[in-house]
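A.B. asks: Below is one structure. I have some questions about it.
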Amino acid sequence: MAARDRDRGQRLRQIRKSLGMNQREFGDRFGKTGPAVSNYELGRLPEDKILKKIYDMGFSIDWLISGEGQMRRGTGESEKMCSTILEGTKEGLVIVQDGLYKFVNKAMEQITGYPAEELIGYEAGLHAIPEEREHIKRIYDTFDHTGILPDHDIFTVLCKDGTEKNVKVCYATVHYGGKPTILALVRDMTDRHRLKSELSDVGVSLNREERKLVRILKVLLEEMVQD
């Protein structure tokens, strides 16, 4: 991971050099200092607003993050990369709008045992055990009225084969289809052999990689809508 991060930093440096800017001048584009740009070029992932501005400048986020493709972006690239990440990650990813599943990836099929076509259009949270469904409904109702989401939560999913799994759900808000939408990252906690009551706040919080993935997906989903 560290080597890939350094490679990403070098690709950001190539973008800056292609513009004929020093680190201070490049940082001025984003309201950042030269030392901040130096940190990005050493491998720190830029904030989502910076990624968005880099995209608006005509550069490929796919190339910057993964090294694939060309430095300058092409039409429809955001959609391709977003689809690759959504389907390629081992974490379950769900897009929820108006309380219904609008998208689920293959990992969610593996977690729940339900094929995607059975989940799309389904009421979000309906596959949780009955005693937790009202709590999940309140989360979505609160979002619809206030735009506020919890950072994360733990639920028990009732799978298609009747088994139960503890899952950790991390939430983010994106603009999709012209309005605020919920992006949920779902991780199967069952193989950790820990009951819900035993999960501390530290164990539930988003880790570094989860935060990175959510941030990148937020940028790409919003770019996809603009494309």
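The values are calculated or read from the model by the stated rules, or taken from the named source; none is laboratory data. The structure displayed is predicted, hence computed values, not measured ones. For neighbour counting, all protein chains shown are included, and Cβ atoms are generated from backbone atoms with ideal geometry for every residue, glycine included. The accessibility values were calculated without ligands, DNA or RNA, using every heavy atom of the protein model including side chains. Shrake-Rupley method; radii C 1.70, N 1.55, O 1.52, S 1.80 Å.
A.B. asks: Show ARG8, ARG13, ARG29 ordered by accessible area, largest first, where the area counts protein heavy atoms only and the probe is 1.4 Å.
C.D. replies: Details: ARG8 15, ARG13 95, ARG29 115 Å².
The most accessible residue leads, giving ARG29, ARG13, ARG8.
A.B. asks: How much length is gained if the chain between ASN39 and LEU126 is pulled fully straight, taking 0.36 nm per residue apart and subtracting their Cα-Cα distance, in nm to one decimal?
C.D. replies: So the chain would gain 26.9 nm between ASN39 and LEU126.
A.B. asks: Let me ask you something else. Relative contact order of segment 93-186, please, whole-number percent, based on alpha carbon pairs below 8 angstrom and at least 6 residues apart.
C.D. replies: Contact order relative to length: 28 percent.
A.B. asks: I'd like the accessible area for MET189, computed on protein heavy atoms only with a 1.4 Å probe and all protein chains in place. Round to 10 Å², please.
C.D. replies: Per-residue accessible area (MET189): approximately 0 Å².
A.B. asks: Less than 14 Å Cβ to Cβ from ASP141, Lys/Arg counted +1 and Asp/Glu -1: what total charge do the surrounding residues give?
C.D. replies: On the way: positive: ARG133, LYS137, ARG138; negative: ASP98, GLU123, GLU134, ASP144.
Local charge sum for ASP141: -1.
A.B. asks: What is the local net charge at LEU19, summed over the other residues whose Cβ is closer than 14 Å to its Cβ (Lys, Arg +1; Asp, Glu -1)? Intermediate results must be reported in sequence, preceding the final value.
C.D. replies: Values: positive: ARG11, ARG13, ARG16, LYS17, ARG24, ARG29, LYS53, ARG72; negative: GLU25, ASP28, GLU41, ASP56.
Overall, the nearby charge balance is +4.
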